[in-house]
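So the structure is just underneath, and the comments pick up after that.
The values are calculated or read from the model by the stated rules, or taken from the named source; none is laboratory data. All figures in this text were calculated on a predicted structure; none of them were measured in a lab. We place every Cβ from the backbone using ideal geometry, glycine too, and count neighbours over all the protein chains shown. Each accessible area value is taken on the protein alone, full model and side chains, heavy atoms only, with ligands, DNA and RNA left out. Shrake-Rupley method; radii C 1.70, N 1.55, O 1.52, S 1.80 Å.
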Amino acid sequence: MCAGRVQLPNPHLDDEDGDYLMHLEIPREKWHLFNDIKFVCVGGTVGRMEELAKQLNESLRGGTDLEDSFVNQRYGWFKVGPVLCVSHGIGTPSLSVMLHEVFKLLYRAECTDVRLIRIGTCGGVGVRHGTVVVSTGAITPGFEPVYVTSSLGEPLRLPTDADTDLREELVNSKSADDYFDVISGKTFCTEDFYQGQGRIDGSFCDYSKEDQRRFLQKLQELGVVNIEMESAGVLGMAGKVGIRAAVVCVVIVNRLEAELPTATPDEMREFEDYPIKLVKRYIINKLSN
Ligand SMILES: O=P(O)(O)O[C@H]1O[C@H](CO)[C@@H](O)[C@H]1O
Ligand SMILES: O=c1cc[nH]c(=O)[nH]1
């Protein structure tokens, strides 16, 4: 067995001959074409993943057309040499369906030494917009470092630490002439954008502004620097199958100052490019060493 080969803790998989990646729609006869994958980058929108793929294509292959890509009404994926970029939608239920299928693809294609990186947007907790956060790990409602999913109707709790080496390499990928800061800290991962993140502008709200202030202060005291909705799923699921993973998100609103972003659409587009730039530099460096 090749060292570093992706292995899955599912004894039933090898009995299944008609295994089908139902949501990614990658047919069995094409799985072997993914054997060279070393990096899987995931993010909420198809557009962000396509932008990352285009930038990687420019840097790695001189900007030819994106040849290996597929977009359906659930997800979109783009393969650029050893990098697979896949969208995941909003929240861990949507993310987890995609990740199960990506992990099966990596296993079936006999991939080795794969790293998984989420590239996203987030709210900052005392952190200004435009700052890029590389998570040390995720905590979830209940304030524990676990991704809580389920198995046969019972809670399944998976630890949510980021891979330390990968995180440090990503932080060190910042260049002196980048316009943005890169910091590290804990991420609060929620299942909801409104009450789940202590907003008061959802369709209903059961608490006061003072409760909201206390909640955000508590997060700060726990070492939380940002809030988003998939980090725990990425880190918990990657840990379960032994793949190194990290989460890199740009702050689009400082939640100690506002509910929603105050930046212009042009600034928002620029912010979204910051984590792409950082991760792209990391990948290009790794591939050239
Ligand atoms: O920008 P993405 O990657 O979608 O991430 C963040 O944005 C969405 C909420 O607007 C959630 O998915 C959250 O995690
Ligand atoms: O505040 C924010 C911003 C982006 N994504 C989130 O989940 N929360």
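How large is ³J(HN,Hα), in whole Hz, for each residue of region 165-180 in order, when computed from phi with the Karplus curve 6.51 cos²θ - 1.76 cosθ + 1.60 and θ = phi - 60°, using x for Gly and Pro?
5, 4, 4, 5, 4, 5, 4, 6, 7, 5, 9, 4, 8, 5, 7, 10
Rg to Rh for region 19-96: what is it, with Cα atoms only and Rh by Kirkwood?
Working: Rg = 12.3 Å, Rh = 12.9 Å.
Rounded to two decimals, Rg over Rh is 0.96.
Once you've got the GNM for the chain with C-alpha springs shorter than 10 Å, pick whichever of Met22, Met268, Met237 has the biggest mean-square fluctuation.
Highest fluctuation of the listed residues: Met22.
Of Ser150, Ser87, Ser173, which has the largest mean-square fluctuation in a 10 Å C-alpha GNM of the chain?
In this elastic network of the chain, the residue with the biggest mean-square fluctuation among Ser150, Ser87, Ser173 is Ser150.
Counting alpha carbon pairs within less than 8 Å and at least 6 residues apart, what relative contact order, in whole percent, applies to the chain? Walk me through the numbers before you get to the answer.
Working: 565 pairs, mean separation 68.9, N = 289.
24 percent.
Would you mind counting up the charge near Arg74? Only other residues with Cβ under 14 Å from its Cβ, with Lys and Arg at +1 and Asp and Glu at -1. Kindly include the intermediate steps, with their values, before the conclusion.
Numbers: positive: none; negative: Glu25, Glu101.
The answer is -2.
For the chain, what is the percent of antiparallel DSSP beta bridges, rounded to the nearest 5? If you can, show how the numbers build up before the last one.
Working: 23 of 53 bridges.
The antiparallel proportion sits near 45 percent.
Convert each backbone phi in region 63-80 into a coupling constant with the Karplus relation 6.51 cos²θ - 1.76 cosθ + 1.60 (shift: θ = phi - 60°), then list the ³J(HN,Hα) values in order as whole Hz, x for Gly and Pro.
x, 5, 4, 6, 8, 9, 8, 7, 10, 10, 7, 9, 9, x, 10, 9, 10, 10
Of all the accessible heavy-atom surface of the chain, with the other protein chains kept in place and a 1.4 Å probe, what percent is carbon and sulfur? Intermediate results must be reported in sequence, preceding the final value.
Details: 6840 of 13920 Å².
Accessible surface attributable to carbon and sulfur in the chain totals 49 percent.
Using a 1.4 angstrom probe, figure out how much accessible area region 1-157 has per residue, in square angstrom, rounded to the nearest whole.
On the way: 7450 Å² over 157 residues.
Value for region 1-157: 47 Å² per residue.
Using amide H atoms built in the peptide plane, which far-off residues or other-chain residues are under 5 Å from Arg244 H to H?
Here Leu116 satisfy the definition.
Can you give me the relative contact order of region 142-289 as a percent, contacts being Cα pairs under 8 Å and 6 or more apart?
27 percent
Per 0.36 nm of contour for each residue apart, how much would the distance between Gln7 and Asn289 grow if the chain were fully extended, relative to their Cα-Cα spacing?
Details: separation 282, 0.36 × 282 = 101.52 nm, distance 2.53 nm.
Going from the current span to full extension adds 99.0 nm.
Could you calculate the contour length gain from Lys30 to Gln217, that is, 0.36 nm times the residue separation minus the distance between their Cα atoms, to one decimal place in nm?
On the way: separation 187, 0.36 × 187 = 67.32 nm, distance 4.99 nm.
Going from the current span to full extension adds 62.3 nm.
Could you do me a favour and compute the accessible area per residue for region 187-240, 1.4 Å probe, result in Å²?
Numbers: 2480 Å² over 54 residues.
With all protein chains present, region 187-240 gives 46 Å² per residue.
Springs between alpha-carbon pairs under 10 angstrom, Gaussian network model over the chain: which of Gly44, Gly202, Gly123 fluctuates most?
Maximum among the listed residues: Gly202.
Using the basic label-point model (7 angstrom from Cα toward the beta carbon), what is the Phe204 to Lys38 distance in nanometres?
So the label points at Phe204 and Lys38 sit 5.1 nm apart.
Give the separation of the Cα centroids, region 215-241 to region 120-155, in Å.
First find each Cα centre; the distance between them is then 2 Å.
Take peptides 133-144, 158-169 and line them up by average Cβ neighbours within 10 Å, highest first, as a rough protection proxy. Numbers along the way, then the final one.
Working: 133-144: 20.1, 158-169: 18.0.
Ranked from most to least packed, the peptides come out as 133-144, 158-169.
How many percent of all Cα-Cα pairs in the chain sit more than 24 Å apart?
Details: 20686 of 41616 pairs.
In whole percent, the long-distance tail amounts to 50.
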